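The block underneath contains the structure these notes are about, expressed in structure tokens.
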Amino acid sequence: MALLRSALVLGLVGACGMGGEEGGGDDNLPTLGAGPYGKLEAPAEGVTPAIEPFVVTDNVADLADPEALPLGGGAFRLWFTRTEPGAMAEIWRADLPAVTELPDPAPARALAATEAWEGGWVGAPSVVDRGGGRLAMYYQGAGGIGRADSTDRGETWSKVGLVLADGADPGAIEVGGRTYLYYTRADAGGIFLAESQDGVTFVPRADPVIVRRDTDADAFDRLWVGEPEPVGGVTAAGQVQIGLFFTGRATEGATAIGYAGSYDGREFTRFFNDDAILEPGLADESDPAVVLEPAHGTLFFTQLRAQTTAIAVAVHP
Amino acid sequence: MKRAALLAVLAASTAHANPVDTYGFGARGPAMGGAQTAATADGGANYYNPAALAVGDAIRIDVGYQLATPKLSMGGGDMGVAESRGLVAGLAAPGKIAGLEVAIGAGLFLPDERITRARTHPAQRPRFALYDNRPQRLFLGANLAVRLTEGLYAGVGIAYMSRTQGTLDLEGRVGFPDSYDSDLTLAIDVDLVTVRYPQAGILWRARPWLDLGLAYRGGFVLELDQGFTITGDVGSEGIEPVVDDGFFALTTVSLDLFQPEQVAWGFAAQLTPRVLLAGDVTWQRWSAYQNPAANIEIELDLKDFNDLVVIPDAPPLPGAHFHDIFVPRLGVEVLAARGRHTEWRVRAGYAYEPSPAPEQRGETNFVDNDKHTFSLGGGVQIRRVTEILPRPFDLDLYLAATVLPDRAHRKLSPVDPIGDYVSDGVVLAGGVCSRWHF
């Protein structure tokens with residue numbers, strides 16, 4: 001393929017020889033944001049404080065399950081699961097001034113297990129922005145999925161309680177006054193959906209909305225799908241569009257991140273010729289958290305770094 | 001040797017008309033909303049209606065400058081579509097041949113940045129199909145008009161475009177695995193081929209106060225035809241080549257420029273000695289617009305590696321599905337003041353151009369909106385400027401704003417890589433033009 005690539009590169013550059021340039025109408029092109037994504041790389045010139053593609057690292061603890069909220073001006077507020085060796089998982093928070101900078105201030109605990117149903121640990125946060133500084137966090141504990149609310153844009157949280165027993169890996173989105181909660185189950189494969197009018201009382205649907213593709217030997221999600229991250233809402237053109245980023249596991253055990261889209265939150269279509277939207281690397285990528293803008297997407301995910309997992313970032317286009 | 005045809009994967013060209021189609025010609029015409037089929041009286045006749053060249057007995061030379069600044073967006077952000085600006089010039093030279101009153105004319109729009117620009121984009125990349133590359137080319141027209149009888153004039157002419165046709169040949173060694181290690185000699189053979197399309201017009205003075213006009217502008221499609229070949233070895237220097245005496249050829253044919261066939265009907269009514277009202281309706285045949293994506297053919301001979309190269313069959317190109325449109329225009333010109341040596345006129349106009357493009361719901365993203373153009377202008381004619389220039393001298397200017405109201409594009413597929421978007425924008429234009437009578 002490198003042979004053909006050399007020839008094609010020279011050929012297409014020579015024969016076409018054209019493309020985007022100043023005044024080319026190529027600025028701010030709309031995009032669905034489904035991908036493909038490329039991991040952030042260190043700039044060719046200069047140095048950034050971050051260690052690309054990682055944005056939040058910890059020398060001692062595993063960091064996983066990121067969730068992101070844009071703060072404007074390229075800044076993000078992240079929540080993630082932090083697990084120290086020998087300790088129970090907690091949800092921590094970090095503020096990133098930019099994806100090329102280190103968290104400022106240093107990451108700190110946002111939520112710890114205090115309720116009986118949590119079984120001593122909490123993790124896998126999914127945050128819904130309800131406007132006016134109000135946030136709803138859906139998170140996992142030993143007994144299922146619970147909810148906590150914030151009125152100060154995630155500075156502090158007050159727990160609401162268990163909302164879905166026996167669920168895991170929540171991914172929530174609120175569209176048109178209705179909350180769609182995507183999750184996995186220990187007793188069945190696939191990504192499931194529960195819907196709610198008030199964000200607290202959920203009605204689960206019987207069948208999964210995304211299943212593994214065990215008949216496709218080359219599929220990145222042949223063995224397993226999970227860790228859903230819904231995005232979307234009402235588009236500028238007035239349609240409801242919900243995209244679901246998720247993790248898939250292939251035969252070899254490697255994980256990668258995929259995307260599927262839907263106009264009703266229940267029937268999904270796979271994207272990108274059924275391939276992953278982030279080119280899988282040697283280190284497994286999982287746990288997507290995506291912030292979409294009209295012409296740009298930022299994907300936070302979990303990736304192994306040295307001996308622990310950390311939070312990394314990829315961008316589109 | 002393997003041969004394959006690939007369509008549209010990489011190279012969808014933007015295919016548009018010339019700048020005078022978009023923004024008008026001169027300063028008087030655009031000020032009056034472009035309603036000039038029966039009302040044109042300057043070098044703009046070379047575009048609007050060549051028959052009008054034969055009206056009048058003075059040689060007229062127009063020289064001016066036009067500028068248009070698009071601010072177009074999909075989803076809110078300015079897409080950075082290029083400005084159009086350049087020199088505009090027109091000539092009308094009446095005379096007599098064998099007792100017949102005739103006139104010759106020529107019109108020119110010369111962009112001051114590029115004579116022409118051809119662009120290719122990834123096939124699905126959204127672009128404003130009628131603005132993205134539309135003004136980035138030269139317009140040149142030449143016309144001949146004749147007075148058939150009292151009050152009846154006819155004109156015909158040809159407008160010129162050019163297209164490139166050529167090949168780029170590389171011969172030598174292609175570096176493998178490091179392509180930067182290549183050692184190639186380059187030969188370029190490109191022709192600038194002339195493309196001509198006809199235009200014609202009739203002007204009839206039906207009443208002393210009423211002129212009626214009919215104009216035709218031929219349509220055309222400009223093909224961009226380029227080839228590229230590499231012959232030679234593939235491998236590293238000093239080592240036996242991986243491929244000995246290989247061959248690779250790529251040919252692309254795309255539609256770089258499209259102008260719809262047009263027929264314009266118009267009137268110019270001198271309602272009062274001071275007030276002239278003009279109106280036009282133009283039919284534009286956009287249904288002939290084809291998906292401009294490039295047809296790419298690849299031919300290669302990589303010897304022992306031929307079986308490793310799999311070139312997929314090309315999927316059929318989605319159609320553009322543009323439709324014909326009617327464009328109404330209205331303009332008014334008022335003699336506002338008259339002095340001993342001067343006449344001052346103010347002008348205003350409106351044009352409505354419905355979009356010929358459907359809502360972009362599928363794979364294509366040839367975006368266009370309805371357009372409402374509002375224009376204002378004015379001018380002064382100065383007579384007996386000096387003894388050197390006893391004939392009148394005119395100076396006209398105009399400003400125009402074309403508003404593209406919001407248009408939603410809702411995709412049928414929830415995984416369309418572009419997703420839903422709303423296109424909108426505004427184009428601000430202006431110009432100044434002088435007219436010299438001899």
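Using only DSSP helix segments of four residues or longer, with each worth -39500 (n - 2.57), what per-residue ellipticity at 222 nm results for chain B after dividing by its residue count and rounding to 500? Spell out each step's value before the answer.
Numbers: 3 runs with 13 residues, N = 438.
For chain B, the value works out to -500 deg cm²/dmol.
On a 0 to 90° scale, report how tilted helix A:2-15 is relative to the longest principal axis of chain A, with both axes built from alpha carbons and the result rounded to the nearest 10.
Relative to chain A, helix A:2-15 is tipped by roughly 70 degrees.
What are the ³J(HN,Hα) values, in whole Hz, obtained from phi via the Karplus relation 6.51 cos²θ - 1.76 cosθ + 1.60 with θ = phi - 60°, for each residue of the range B:124-129 in sequence order, with x given for Gly and Pro?
For the range B:124-129, the Karplus curve yields 8, 5, x, 8, 6, 4 Hz.
With charges only on Cβ, +1 for K and R and -1 for D and E, what is the dipole size of the range B:142-242 about its Cα centre, in debye, rounded to 20?
Values: 7 positive and 14 negative charges, 325 e Å.
Computed about the Cα centre, the dipole is about 1560 debye.
In whole Hz, with x marking every Gly and Pro, tabulate ³J(HN,Hα) for the range A:304-317 from phi via Karplus 6.51 cos²θ - 1.76 cosθ + 1.60, θ = phi - 60°.
Computed from phi, the couplings for the range A:304-317 are 6, 9, 6, 9, 10, 8, 9, 9, 10, 9, 9, 10, 9, x Hz.
Relative contact order, percent, of chain B when contacts are C-alpha pairs under 8 Å separated by at least 6 residues?
In percent, rounded to a whole number, it is 21.
Which Rg and Dmax, in Å, describe the Cα atoms of the range B:119-275?
Over the range B:119-275's Cα set, Rg and Dmax evaluate to 26.3, 88 Å.
Please identify, among A:ALA87, A:ALA172, A:ALA250, the residue showing maximal mean-square fluctuation in a Gaussian network model of chain A using a 10 angstrom Cα cutoff.
A:ALA87
If you place +1 on the Cβ of every Lys and Arg and -1 on the Cβ of every Asp and Glu, how big does the dipole about the Cα centre of the protein assembly as shown come out, in debye to the nearest 20?
In debye, rounded to 20, the protein assembly as shown gives about 4560.
What 222 nm value per residue comes from the helices of chain A, counting each DSSP H run with n ≥ 4 as -39,500 (n - 2.57) and dividing by all residues, nearest 500 deg cm²/dmol?
Numbers: 1 runs with 14 residues, N = 317.
Calculated mean residue ellipticity at 222 nm is -1500 deg cm²/dmol.
Using the Karplus curve 6.51 cos²θ - 1.76 cosθ + 1.60 with θ = phi - 60°, what ³J(HN,Hα) values do you get for each residue of the range B:219-236, in whole Hz, with x for Gly and Pro?
Along the range B:219-236, the couplings run x, 7, 10, 9, 8, 10, 10, 9, x, 8, 10, 10, 10, x, 9, 10, x, 9 Hz.
What number does the range A:163-317 give for Rg over Rh if you use C-alpha atoms and the Kirkwood radius?
Values: Rg = 15.3 Å, Rh = 16.0 Å.
Rounded to two decimals, Rg over Rh is 0.96.
Please arrange B:ASP368, B:ASP233, B:ASP78 by counting, for each residue, the other beta carbons lying within 10 Å of its beta carbon, fewest first.
Numbers: B:ASP368 22, B:ASP233 18, B:ASP78 14.
Least crowded to most crowded, the residues run B:ASP78, B:ASP233, B:ASP368.
How do B:LEU138, B:LEU276, A:LEU78 line up, fewest other C-beta atoms within 10 Å first?
Numbers: B:LEU138 17, B:LEU276 22, A:LEU78 26.
Lowest to highest Cβ neighbour count: B:LEU138, B:LEU276, A:LEU78.
With the convex hull built on the Cα atoms of the range A:192-284, state its orientation-averaged projected area in nm². Provide the component values of the computation, followed by the final result.
Details: hull surface 28.9 nm².
Directional mean of the projected Cα hull area for the range A:192-284 stands at 7.2 nm².
Given the options A:GLU67, A:GLU174, A:GLU101, which has the most mean-square fluctuation in a GNM of chain A, springs set between C-alpha atoms less than 10 angstrom apart?
A:GLU101
Is the shape of the range A:39-179 best called rounded, prolate or oblate, per the rule: a/c under 1.5 gives rounded, else a/b larger than b/c gives prolate, else oblate, with a ≥ b ≥ c the square roots of the Cα gyration tensor eigenvalues?
Working: a/c = 2.23, a/b = 1.45, b/c = 1.54.
The shape class here is oblate.
So how strong a dipole does chain A carry about its Cα centre when Lys and Arg Cβ are +1 and Asp and Glu Cβ are -1, to the nearest 20 debye? Mind showing how you got there, number by number?
Working: 21 positive and 45 negative charges, 100 e Å.
Its charge dipole is roughly 480 debye.
Connecting C-alpha atoms closer than 10 Å in a GNM of chain B, tell me which of B:GLU343, B:GLU353, B:GLU83 has the biggest fluctuation.
Of B:GLU343, B:GLU353, B:GLU83, the most mobile in the Gaussian network model is B:GLU343.
Seen from all sides and averaged, what is the projected area of the convex hull of the Cα atoms in chain A, in nm²? Before the final figure, lay out each step's value.
Details: hull surface 75.0 nm².
Its average projected convex-hull area is 18.8 nm².
Read the figures in this text as sums done on the coordinates, not as results from a lab. Every value quoted in this text rests on a predicted model; they were computed, and no experiment measured them. Here the Cβ is made from the backbone with ideal geometry for all residues, glycine too, and neighbour counts use every protein chain on show.
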